[in-house]
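Below you'll find the structure, written out as structure tokens, and then a few comments.
What follows is calculated from the coordinates using simple rules that are stated; it is not laboratory data. This is a predicted model, so every value here is computed, not measured. Every residue, glycine as well, gets a Cβ built from its backbone with ideal geometry; the counts of neighbours run over all protein chains shown.
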Amino acid sequence: TAIGQVVSFAMCAVYFFKPKSFKLKKSSFIPNITILSKMINLGAATFITQISIVAVTLVSNMTLARYGALSKYGPDIPISVFSIQTKVYTIVLSIVTGIVLGGQPIFGYNYGAKRMDRVRTGITATIIFQLWPKVVVGIFGSGNGLYQEFAVKTFRIYLSLMTVTCLVKMTAVFFQSIGKSKHAVMASVIRDIICFTPLAIIL
């Protein structure tokens with residue numbers, strides 16, 4: 001993970017010092033309060049999304065450990081399967097986010113731009129998770145019968161609405177690209193903080 005962060009930083013640094021459409025000067029590194037305030041305003045949705053991922057993971061792990069210990073699966077199997085689900089979920093969402101972020105400049109200039117290919121990514125992933133959950137889990141290693149049983153059951157439930165999740169992420173990024181920061185924040189907050197976390201505790 002640390003190596004990945006260093007490599008991605010290096011790639012960005014190389015790009016910014018060899019740009020095609022702009023030129024960096026000393027004045028480019030002097031903070032502009034007006035521009036910074038707009039960036040912070042629009043970036044709030046992404047920041048809240050990252051924080052909400054921590055909250056969701058924390059609540060989920062605590063819930064899985066507590067109720068897993070009371071079930072035939074024990075505390076370890078649910079947490080192990082959930083960590084795999086999270087990785088798979090992140091991979092699919094990253095692909096969709098990449099497509100959407102790539103289209104952000106287009107959205108900014110073309111308010112009503114439509115790109116159905118990113119919707120198809122979510123639908124394809126959902127179908128795979130429903131029909132072949134054992135295959136996906138098998139990529140991360142094998143387990144006993146109880147492990148396989150829990151993995152199949154939870155993959156089909158937890159990732160059944162992957163397409164909707166992709167649509168929510170697309171909506172948040174779209175609102176960011178057209179400058180509607182409040183809408184972007186709401187789209188990010190409702191799913192994880194307002195809905196998921198309280199319902200995970202209550203249910």
Original post:
Across the stretch 146-161, in residue order, what do the Karplus-derived ³J(HN,Hα) couplings come to in whole Hz, using 6.51 cos²θ - 1.76 cosθ + 1.60 with θ = phi - 60° and x for Gly and Pro?
Top reply: 5, 4, 4, 4, 5, 4, 4, 5, 6, 4, 5, 7, 5, 9, 5, 10
Original post:
Nearest 10 degrees, 0 to 90: what angle lies between the long axis of helix 2-17 and the longest principal axis of the chain (Cα atoms)?
Top reply: 20 degrees
Subject >> Spherically averaged projected area in nm², based on the convex hull that wraps the Cα atoms of the chain >> reply: 13.9 nm²
Subject >> Hydrodynamic radius of the stretch 133-197 per Kirkwood, over alpha carbon pairs, in Å >> reply: 13.9 Å
Original post:
In deg cm²/dmol, rounded to 500, what helix-only [θ] at 222 nm does the chain give when every DSSP H run of at least 4 residues adds -39500 (n - 2.57) and the total is split over its residues?
Top reply: -24500 deg cm²/dmol
**OP:** Assuming 0.890 mPa s and 25 °C, estimate D for the stretch 24-66 with Stokes-Einstein, Rh taken as the Kirkwood radius over Cα pairs, in µm²/s.
**Re:** 187 µm²/s
Original post:
How far is helix 33-69 tilted, in degrees, relative to the longest principal axis of the Cα atoms in the chain, given as a value from 0 to 90 rounded to the nearest 10?
Top reply: 10 degrees
**OP:** Report, to the nearest 10°, how far helix 162-177 tilts away from the longest principal axis of the Cα atoms in the chain, using its own Cα long axis and a range of 0 to 90°.
**Re:** 20 degrees
Original post:
Name the residues of the stretch 143-172 whose amide N is less than 18 Å from a point 7 angstrom out from the Cα of residue 71 along the C-beta direction?
Top reply: 143-161
**OP:** Across the chain, how many lysine pairs, 8 or more positions apart or on different chains, have C-alpha atoms separated by under 23 Å? Please give the number.
**Re:** 18
Original post:
Using a simple spin-label model with points 7 Å from Cα along the Cα→Cβ vector, what separation in nm is obtained for residue 14 and residue 153?
Top reply: 4.8 nm
**OP:** Please report, in debye to the nearest 20, how large the charge dipole of the chain is about its Cα centre when each Lys and Arg carries +1 at its beta carbon and each Asp and Glu carries -1 there.
**Re:** 740 debye
Original post:
How long is the gain from residue 57 to residue 146 if the chain were fully straight, where each residue apart is worth 0.36 nm and the alpha carbon distance is subtracted?
Top reply: 29.8 nm
